[in-house]
Amino acid sequence: MAAMAAKPAPKKSMDAPKKQLSLGPAYDKTGWEAVVETFGCGTTVSEDDIKEMVKEAKTPVTLHVYAVGHAKAIQEINYVVENFLNEGGVFHGAIEVYGQEFSFGGCRQNKSGIFACKPKSCPMHTYRESIYLGDCKKTIKEVQSILDGMKPEWMGPTYNLLRKNCCSFSNAFAQKLGVGEIPNWVHHLADVGAALDDDVK
């Protein structure tokens, strides 16, 4: 009698990375219907369909979402907050355009907190998933000009965990690129924290 192969342990949803790809808020109901019609994929858009959209775009813009840090405790907090409280989680966000990932972090030196790294590879955080925001159709010079214009507003010492963080930068950058806002769930927990902080003050 042949030995039965052991089944792999089921992957818990709190385990990162999820490595899933979805569409951003700019793809409203009308947009989804157009995508479905274009790709002939029934009622849902698959990851392969989204990858095809990215491939066909002139200048695709993608939001990469990370669990903050590498501690398992953060991933467990995110699991509880997302699945039971429906409030988002503790996330790091970064925007990929032209093969570079841009984000914002704090520092004591009086310099810009905007930094770049290889997509999905920020060494300080744990990659989770990606959200395709759309095609900004901008040239590399136009993108660089937008970043240069943002630098004075996003200086390292101005970083604030609740009000001016990596997710708020990603949201501002995405809008300047013309692909709309990032999903609310990415920065919702920080928004709640800021509101509570305002109430305390």
For region 137-163, give me each residue that is touching a helix residue (DSSP H, G or I) at 6+ places or on another chain (Cβ under 6 Å) and at pLDDT below 95. L162, R163
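Every residue, every condition in (1) modelled with pLDDT of 95 or more; (2) polar (S, T, N, Q); (3) over 21 Å from V186 (Cα atoms); (4) in a loop (DSSP other than H, G, I, E, B), yes or no:
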| residue | (1), (2), (3), (4) |
| --- | --- |
| D48 | no, no, yes, no |
| V61 | yes, no, no, no |
| Y79 | no, no, no, no |
| E82 | no, no, no, no |
| A94 | yes, no, no, no |
Please identify the pairs in which a residue from region 126-146 that is within 10 Å of H64 (Cα to Cα) and polar (S, T, N, Q) has its Cβ atom under 8 Å from the Cβ atom of a residue that is part of a helix (DSSP H, G or I) and open to solvent by less than 10 Å² (accessible area, probe 1.4 Å), counting only partners at least 6 apart or on another chain. none
Every residue in region 110-120 that is assigned to a loop (DSSP other than H, G, I, E, B) and either under 13 Å from H64 (Cα atoms) or touching an Asp or Glu at 6+ places or on another chain (Cβ under 8 Å) (or both), please. K118, P119, K120
I'd like to verify a number: residues in region 121-151 that are farther than 19 Å from N165 by Cβ and in a loop (DSSP other than H, G, I, E, B), how many? 5
Anything in region 128-159 that is closer than 24 Å to S22 by Cβ and open to solvent by less than 30 Å² (accessible area, probe 1.4 Å)? List them, or say none. R128, E129, S130, I131, Y132, L133, G134, C136, V143
Of the criteria (1) polar (S, T, N, Q); (2) open to solvent by 30 Å² or more (accessible area, probe 1.4 Å); (3) at pLDDT 95 or above, which one S170 fails: (2)
Scan region 176-187 and report the pairs whose first residue is aliphatic (A, V, I, L, M) and at pLDDT 90 or above and whose second residue is assigned to a loop (DSSP other than H, G, I, E, B) and buried (at least 19 other Cβ atoms within 10 Å of the Cβ), with Cβ atoms within less than 9 Å and a gap of 6+ or a chain change. L177/C136; L177/K138; V179/G24; V179/C136; I182/G24
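The values are calculated or read from the model by the stated rules, or taken from the named source; none is laboratory data. Because the structure is a prediction, the values reported are computed rather than measured. Cβ: placed from backbone, ideal geometry, glycine included. Neighbour counts: every protein chain shown. Heavy atoms of the whole protein, side chains included, go into the accessibility calculation; ligands, DNA and RNA do not. Shrake-Rupley method; radii C 1.70, N 1.55, O 1.52, S 1.80 Å.
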